[in-house]
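A quick write-up on the structure given underneath.
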Amino acid sequence: MALVEIRGLSKRFRKGEETIFPVQDLDLDIEAGEFVSLMGPSGTGKSTLLNLISGIDKPDSGTIHVAGTEITKLSRGQLADWRANNLGYIFQTHNLVPVLSAYENIELPALLLRMTAAERRKRVELALEAVGLTDRAGHYPRQLSGGQEQRVGIARAIVSNPKVIVADEPTGSLDADTSQQIQVLLQRLNREFNMTMVMVTHDPEVAKLATRQLRMIGGRLRIEPSVADIHQNTF
Amino acid sequence: MFPFATYVFKSLWRHRARTLLTVSGAAIAIFAFCMVEAVQKGLERLTSDEDLKQTLIVFQENRFCPTSSRLPEDYARTISKIPGVRSVMPVQVWTNNCRASLDIIVFNGAPPDQLRAARDLKLLSGSWEQFQSIRDAAIVGQSVAMRRGLKVGSQFTIGEISVSVVGIFASSIPSEENLIFTSLAFLQLSRGMEAAGLVTQHEVFLNPGVNADAVASTIDAMLKSGPVATTTRSKGAFQTSTLSDLVDLIGFAHWLGYASVGLVLSLVATTMFMSVHDRMKEHAVLQVLGMRPWRVFRIVLAESMILCVLGGCIGTLVGLIVLHWGGLAIGAEGVTIAFRPSYYISSSSIAVSIAVGLIAGIVPAMQTASVEIVATLRDS
């Protein structure tokens, strides 16, 4: 069984007189350890799909199973617990809490889990080390660069050892150099720590980091050919 | 332990000017609430004590200000023969102001031996012996002493009365700490009093279980044919009647107390609305990270309660200090209401602060907890 199993997923919105279907009868399996990228033009439902997988939005029909739990059946409170235990979320704009230091921001999700203070400290230190910010632990978001802020955001997403990490355009607000650093970091987390990732991006270069690239058009998925496939068909 | 205490305190500190203004506003309002409660309690003590029902005050009929009541001193002998009467203490009263005043000075002249036996006075400094032996000696209630800076050895003069302070006393009845006691003879013979053989009132102490109203009627009936007719009432009723003008004002002040509480409520609620409105996205992010809506609710409520309780504690503390050290009292026609600190005032003020903190935080907390995560993240 796949780690993430989506069947017949649909979501619609009313926009004035018009009904929009950002996600339409969508099926998708994501295996543990996979790195999936979602690309596509604006308004085609990438972020909506990501929100549905994260349990912060509810579908109109269809099911989503993550590690055997049907999250579409959970209440708002149960979904919050589920996210605390199973999901890491990387935002485009970091969304760090400005009054908390990098350490305290990373610690936030861990505070929601049952663990000793020593264990929590160890996890935060490991997360800081994983993103290379051990020396910035006491810094506040305003004292960090955009890239460093995003790294704190990534550390916050991995601190509770989630089963799935979702990233909504994680390099979207960064300059080219910083974006490159974050790409390397995300790829390393996937390869070295075998973390399952689902990432929305507009950047084809960033999408190439993924082990599987998907394109969304009109609320449906299309599999992009991998570089290896292109080579095989050409030569 | 509340794991998000750091977040709560840092969030409040983020807008420290707003936080400090809200806390100081709450402190001022709770301080006002304390003062109003102190006046209320002072009045309640004066009018509803059980002991006051077994003590009668005999006053000249149709007279109100102590300066206008002049009863023969030897009425005491007649009254003491009435069945049920334990003892009678003639009292000469002098006050610098018959109207309502915040700095009223009231002298009570009474036979020193009787005074010592009848009143629950504890000398904090000075001696009873001097009070009994020196003609112009006076013992001063600690509230007046504090207000006027008097101590043993001081000479105190007001109007044409001049006394030597030989003792400072505390009393189990706070309003008595606003009195100055002298010997009866001294006050009767002071210049301007012209009251030899006359007193302002007789204080009648009854035996336990005696029907006070019946004795009062008997006294008035018995003295009706004497040189001066009397009106006799229980001490509580006498004080209520004497302070009737103030009672209405104090009743109105009670509403000011409630208004203060309303002020804190609207102040803290406004601050909380502003605070959660500024941080809608932040609270949505916390929910994305896995925080339950109920926990977000509690965090906002905690912030509201901290603002209120902190302000309430400061206001209560300042109120208690002022009440303790200020020796404040309001009086009219020789009767004073003491504003005293008490456990009741401090506990009710803190309880009000907690309740207001809860009420002020509920709606903003609900608003935050029920935020639409996706819409908030998209719109912010």
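Note on A:Lys208: aspartates and glutamates with a C-alpha under 16 Å away, same-chain residues under 8 apart excluded, are A:Glu34, A:Asp168, A:Glu169, A:Glu224, A:Asp229. Under 20 Å between alpha carbons: how many lysine pairs meet that in chain B, if sequence neighbours fewer than 8 apart on the same chain are excluded? Number of lysine pairs found: 8. Under a Gaussian network description of chain A, with springs only between Cα atoms under 10 Å, the residue in A:Glu192, A:Glu18, A:Glu125 that fluctuates furthest is A:Glu18. Scalar couplings 3J(HN,Hα) for segment A:188-193, obtained by applying the Karplus form with A = 6.51, B = -1.76, C = 1.60 to θ = phi - 60°, are 5, 4, 5, 6, 7, 9 Hz; x denotes Gly and Pro.
Annotation: the residues A:Asp57, A:Asp135, A:Asp29, sorted from fewest to most other C-beta atoms within 10 Å of their own C-beta, follow the order A:Asp135, A:Asp29, A:Asp57.
If R0 equals 30 Å, the separation of the Cβ atoms of B:Phe252 and B:Arg116 corresponds to a calculated FRET efficiency of about 0.15. When B:Ile139, B:Ile173 are sorted by how many other C-beta atoms sit within 10 angstrom of their C-beta, beginning with the fewest, the order is B:Ile173, B:Ile139.
Computed from the Cβ-Cβ distance with R0 of 41 Å, the FRET efficiency linking B:Glu194 to B:Lys53 stands at 0.75. Left without a cysteine partner by the 4.7 Å Cβ rule in chain B: B:Cys34, B:Cys308, B:Cys313.
Axis of helix B:5-14 versus longest Cα principal axis of chain B: the two differ by about 80°, to the nearest ten degrees. Bridging of A:Lys46 to lysines at a Cα separation below 16 Å is possible for A:Lys11, A:Lys58, once same-chain residues fewer than 8 apart are set aside. With respect to chain A, whose longest principal axis is taken over its alpha-carbon atoms, helix A:76-86 is tilted by about 70°. Relative contact order for segment B:169-327: 10 percent, from Cα pairs under 8 Å spaced at least 6 residues apart, divided by residue count. Convex hull volume of the C-alpha atoms in segment A:41-132, normalised per residue: 145 Å³. If you plug the beta carbon distance of A:Phe193 and B:Asp278 into 1/(1 + (r/R0)^6) with R0 = 35 Å, you get a FRET efficiency near 0.45.
Every number here is computed from the coordinates shown, using simple stated rules; none is lab data. Small disclaimer: the values here were computed from a predicted structure and weren't measured. In this analysis, Cβ positions are derived from the backbone assuming ideal geometry, glycine residues included, and neighbour counts consider all displayed protein chains.
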